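I have placed the structure first, in the form of structure tokens, so that the comments after it can refer back to it.
The values are calculated or read from the model by the stated rules, or taken from the named source; none is laboratory data. Computed from a predicted structure; not experimentally measured. Quick reminder, even Gly has a Cβ in these numbers, built from the backbone with ideal geometry, and neighbours come from all protein chains shown. Remember, those area values only see protein heavy atoms, side chains included, never the ligands or the DNA or RNA. Shrake-Rupley method; radii C 1.70, N 1.55, O 1.52, S 1.80 Å.
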Amino acid sequence: MGQGAWRRAQAIALRLTFKSIKGLLLWQRGLPLLSPFQHAAARFDRIKSALRASDDADLLEGCVQVVGLGPGLTPSGDDFLGGLFFALGCSPDWQANSRFERLRAALILRTTAIEPMLTNPISYALMLDLMHQSSYQPVHELLEALGRADEDAVLASCEAMMQIGSSSGHDILAGILTALTYDK
């Protein structure tokens, strides 16, 4: 996605409204998290702050803190990180230098070689797919629609994403929107 398309996508992401949200999408929209996440908002705030400050060391530590966070087959923290890295991989600012690749490689190393028991193998595999821009069709459709600035298609893709899993789609979407809006 080029710089102009990315800026248009950011503007659309900031205007999005949803009828019903849950999971980490609540946090991303500035609403309180529900149990069991009510005390986890600070971890996600750390990630957003590190993005804004361009502090890759703090961003890495914040990301490690949310790996495996939450119940279910794919914990919310993993889904969020997958969405975050999926979108960052499409950002022209992150594509223009090796920062993205270094950060992604460091997170993968931390979650496999150094701290391998942070999450389960299935969730880890899905998170890695997202981090390498491979995912559910609605995720790809969302980024394509954002790139075209097609607001109707963006909303349709968001609605389709929110049907993924119990809260996985909401959590992936929270990661994507965080990546799109971190510099605002």
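Scanning the chain for DSSP H helices at least 30 Å long along the axis (C-alpha atoms) with a Kyte-Doolittle mean no lower than 1.0 picks out nothing.
Residue ranking by accessible heavy-atom surface, 1.4 Å probe, largest first, among 110, 43, 8, 29 comes out as 8, 43, 29, 110. With all protein chains in place and a 1.4 Å probe, the accessible surface of the range 79-184 carries 57 percent carbon and sulfur. Remark: the range 1-94 carries a charge dipole of roughly 560 debye about the Cα centre, counting +1 on each Lys and Arg Cβ and -1 on each Asp and Glu Cβ. Placing 132, 170, 39 in order of accessible area, with the largest value first and a 1.4 Å probe, yields 39, 132, 170.
Across 48, 22, the residue with the most accessible area heads the list, and the full order at a 1.4 Å probe is 22, 48.
Here the range 1-100 is treated as a Stokes sphere of Kirkwood radius computed over C-alpha pairs; at 25 °C and 0.890 mPa s its diffusion coefficient rounds to 167 µm²/s. If you wrap the Cα atoms of the chain in a convex hull and average its projected area over all directions, you get 9.2 nm². State, as an integer percentage, the relative contact order of the chain based on alpha-carbon contacts under 8 Å between residues 6 or more apart. About 34 percent, as a whole number.
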